[in-house]
Amino acid sequence: MELAKNDLFSIVKEIIIQSRLKVYRASNSELIESYRQIGKLIVEDEQQGKAQADYGKSTLKNLSQQLTLEFGKGFDERNLRNIKSFFKAFPIWYALRHELSWTHYRLLSQISNLKPSAFYL
C-alpha cells in the first residue's frame, strides 16, 4: 500500500510530535524528582533533625556557588530556595502530578496555605 505524499508527511509528523511530547514528559518528571531530592537534602542538612534551620547558616549560598561552578546557570540561591520550598510543600513523591511542570510547582510552592494549592492541583 502506497501513501500519498501528504499522508506520509502527516503520519511522520504526528509520530515526531508524539515522540517529542513523550521526551518532554519524561525529562520534566526527572527534573521534578531531582529537585525534590535536592530540596530534601537541603532541608535535612539545614535542620539537622530540628523543626527549623539555624538562622544565618550559609547552606544555600555555599551550595549555589559550588553548583554554579560545576553546572553553570540554574542553581543560584533563589532557585535553590524554590527547590527547598518545593520539597517542603510537596514532600511525597507519589502524590505529585507529573502533568505539571517545574514552573507550576514553583508557583504552587509559594502559596503559604496548602489548601489553595491542593485546589489548583
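Here, each number is a calculation from the coordinates, and none is a lab measurement. As the structure is a prediction and not an experimental result, all values here were calculated from the model. In this analysis, Cβ positions are derived from the backbone assuming ideal geometry, glycine residues included, and neighbour counts consider all displayed protein chains.
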Residue by residue through region 89-95, the couplings from Karplus 6.51 cos²θ - 1.76 cosθ + 1.60 with θ = phi - 60°, in Hz, x for Gly and Pro, are 7, 9, x, 9, 4, 6, 8
In nm, the gap between the two label points placed 7 Å beyond Cα toward Cβ at LEU41 and GLU70 is 0.6
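All other residues with a Cβ under 11 Å from the Cβ of ASN79 taken together, and with Lys, Arg as +1 and Asp, Glu as -1, what is their net charge?
+3
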The aspartates and glutamates whose Cα lies under 16 Å from the Cα of LYS84, excluding any fewer than 8 residues away in the same chain, are GLU33, GLU44, ASP45, GLU46, ASP54, ASP76
Taking 0.36 nm per residue of separation between ALA26 and SER10 and subtracting their Cα-Cα distance, the length gained on full extension comes to 3.3 nm
Karplus-derived 3J(HN,Hα) from phi for region 81-86 (6.51 cos²θ - 1.76 cosθ + 1.60, θ = phi - 60°), whole Hz, x at Gly and Pro, runs 5, 4, 5, 4, 4, 4
